[in-house]
Amino acid sequence: MAQNEVISLWPNGKVPNNKTNTVEKKSVTAADGILRISGVTVPTMAAYIAPKEKATGAAVMICPGGGYGILAASHEGSDLARWFNERGISAFVLKYRLPDVKAMEHQHEAPLMDAMQGMKLIRQGAKKWNIHVDKIGVMGFSAGGHLAATLSTHYNLGTKASEESKPNFSILMYPVISFMPELAHSGSRDNLLGPDKSEELIKYYSNELQVSEKTPPAFLVHAMDDGGVPVENSIAYYLALKKLKIPAEMHLYPKGGHGYAMRTEGKGSLVNWPAAMEGWLKANGWMK
């Protein structure tokens, strides 16, 4: 199943917050088979539309990880899109801007603006793609998980805020949730905030502090031995949702490390996480 089309997020060419720059986009597939993209200043979204005979009407916008420095675009993007398509769910892989002071004003705003715009475009094209507007979720891995959680908690905040940007659910894979000192993945925090880093912004982008009654339900996966993003990130978000009685399902595994996506061989019980997600999707009516 190949992508159906690549969508320009800002079709008029006026990408908000961008400034004239010479930053060069690079795509490299390493020996591990992972496609890594750097230098993204022009955001796009690749659409993988579920076959009509399988379609459930649900869709997921996928945000690959990479510490806000690169995008791990295959195993945390297109591979998952195909997995969803096989189960009747359309998928959209978001190639969001990677924060760069040379290319953007207030660089910390750029990824969220792109995620808001991506969600809005999926809703606006829902009829064309055979998607129900109330069955559109967001999925993110690591720093992409931070972006997915930020969209879930900040969709109604800032200059590009819109109800159309609200996900109906979120799937957060070993997500960066917090920028607070005791939990933060400092690389993601520093790459996103850049020269604007302040106590105020650190709290603003610590999503466990921003959960409200309007935050959508979540499905979380994390390994206890994650040496990159502490498991307490997922736990903090889960507890914030629980406090407000927002439905949440969390799966914590004793081993697995970080950045595995569907590559779970040799990682013990972690091999079960996709089946757990299938069960959750079915229970909520997003998958048959």
Subject >> Correct choice for P(r) over Cα pairs in 5 Å bins from 0, in percent that was computed from the model, options [x] 1, 5, 11, 16, 18, 16, 13, 9, 6, 3, 1, 0, 0, 0; [y] 1, 6, 13, 18, 21, 19, 13, 7, 2, 0, 0; [z] 1, 5, 10, 13, 14, 13, 11, 9, 8, 6, 5, 3, 2, 1, 0, 0, 0 >> reply: [y]
Original post:
In segment 122-226, what is the volume of the convex hull around the alpha carbon atoms, normalised per residue and reported in Å³?
Top reply: 118 Å³
Original post:
What share of Cα pairs, in percent, lie more than 29 angstrom apart in segment 1-155?
Top reply: 13 percent
Original post:
In nm, what is the difference between 0.36 nm times the number of residues separating Asp190 and Glu24 and their Cα-Cα distance?
Top reply: 57.7 nm
**OP:** Quick one: net charge around Tyr253, please, counting Lys, Arg +1 and Asp, Glu -1 for every other residue with C-beta under 13 Å from its C-beta.
**Re:** 0
Original post:
Going through segment 12-111, which trypsin sites (Lys or Arg not before Pro) have at most 10 other Cβ atoms within 10 Å and a DSSP loop state?
Top reply: Lys14, Lys52
Subject >> Cα-projected label distance for Ala283 with Glu86, points at 7 Å along beta-carbon direction, nm >> reply: 2.3 nm
**OP:** Calculate the radius of gyration of the Cα atoms of segment 1-86 to one decimal place, then report Dmax, the largest Cα-Cα distance, as a whole number, both in Å.
**Re:** 14.7, 45
Original post:
Restricting attention to segment 4-66, which GluC sites (Glu not before Pro) occupy a DSSP loop and are surrounded by at most 11 other Cβ atoms within 10 Å?
Top reply: Glu24, Glu53
Original post:
Any idea what the relative contact order of segment 39-130 is, in percent, if you count C-alpha pairs under 8 Å spaced at least 6 apart?
Top reply: 36 percent
Original post:
Pulled fully out, how much extra length does the chain show between Gln124 and Lys255, if you take 0.36 nm times their separation in residues and subtract their Cα-Cα distance?
Top reply: 43.1 nm
**OP:** Report, to two decimal places, the Cα Rg of segment 103-178 normalised by 2.2 N^0.38 Å (N = number of residues).
**Re:** 1.09
**OP:** Please report the relative contact order for the chain, taking Cα pairs under 8 Å with a sequence separation of at least 6, and give it as a percent rounded to a whole number.
**Re:** 16 percent
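Readers should treat all values here as calculations from the given coordinates under stated rules, not as data from a laboratory. All figures in this text were calculated on a predicted structure; none of them were measured in a lab. So basically every Cβ, Gly included, is an ideal-geometry build from the backbone, and we count neighbours across all protein chains shown.
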